[in-house]
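> This is the structure I have questions about; it appears just below.
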Amino acid sequence: MPTIKLLKRAELELIDACDWYEKQQKGLSINFRKEIRASLSMINLNPKLYAKRYNTDLYFTPLKKFPFVIIYWHDEHLNTVFVTSIFHTKRNPDKFEHK
């Protein structure tokens, strides 16, 4: 099984989302993190399970209960999955700037 590495942007997006969900409802961030872990486990079992998009080598894994998608690429030579983004699907990618 490959190693999974979250790149800095994905880490920051995860932290921001957890903070936001926890402010909305106590404990909601726990459910969000559980779903992230479940999706990462599926990616770990089969990195090619999900579809590549936009004529790139990036795979897109939608979450089931939250409006997010995990974006990653799989480096077979390094046996590593690099998570580039944990992206809110309602966010305009052209206007995204992390503070």
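> So for the chain, Kirkwood radius off the Cα pairs, Stokes-Einstein at 20 °C and 1.002 mPa s: how many µm² s⁻¹?
154 µm²/s
> Can you pull the one-decimal nm distance between simple spin-label points at ARG53 and GLN25, each 7 Å off the Cα toward Cβ?
2.5 nm
> In square angstrom, what is the accessible area per residue of the chain with a 1.4 angstrom probe?
So the chain comes to 69 Å² accessible per residue, rounded to a whole number.
> Given H placed 1.01 Å from N in the peptide plane, which residues other than close sequence neighbours of ILE4 have an amide H under 5 Å from its amide H?
Residues meeting the amide H criterion: VAL81.
> Answer rounded, prolate or oblate for the range 24-82, using the Cα gyration tensor with square roots of eigenvalues a ≥ b ≥ c: rounded when a/c is under 1.5, else prolate when a/b is larger than b/c, else oblate.
Prolate is the answer for the range 24-82, as a/c is 1.5 or above and a/b outweighs b/c.
> Among rounded, prolate and oblate, which fits the range 4-50 when a ≥ b ≥ c are the square roots of the eigenvalues of its C-alpha gyration tensor, a/c under 1.5 means rounded, and a/b larger than b/c means prolate?
Cα axes put the range 4-50 in the oblate bin.
> So what's the angle, to the nearest 10 degrees on a 0 to 90 scale, between helix 8-24 and the longest Cα principal axis of the chain?
Helix 8-24 sits at roughly 30 degrees to that axis.
> Which angle between 0 and 90 degrees, to the nearest 10, do you get for helix 28-45 versus the longest principal axis of the chain when only C-alpha atoms count?
0 degrees
> Do you know the relative contact order of the chain, to the nearest whole percent, from alpha carbon pairs under 8 angstrom that are 6+ apart?
Dividing the mean separation by the residue count of the chain yields 31 percent.
> Where does each of 58-68, 19-29 land if you order them by average Cβ count within 10 Å, highest first?
In descending order of packing, they fall as 58-68, 19-29.
> How large, in percent, is the carbon and sulfur part of the accessible surface of the range 4-97 at a probe radius of 1.4 Å? Could the numbers behind the result be given before it?
Working: 3320 of 6310 Å².
Carbon and sulfur atoms account for 53 percent of the accessible area of the range 4-97.
The values are calculated or read from the model by the stated rules, or taken from the named source; none is laboratory data. Not measured: the values here are computed from a predicted model. All Cβ positions, glycine included, derive from the backbone under ideal geometry; neighbour counts span all protein chains shown. Remember, those area values only see protein heavy atoms, side chains included, never the ligands or the DNA or RNA. Shrake-Rupley method; radii C 1.70, N 1.55, O 1.52, S 1.80 Å.
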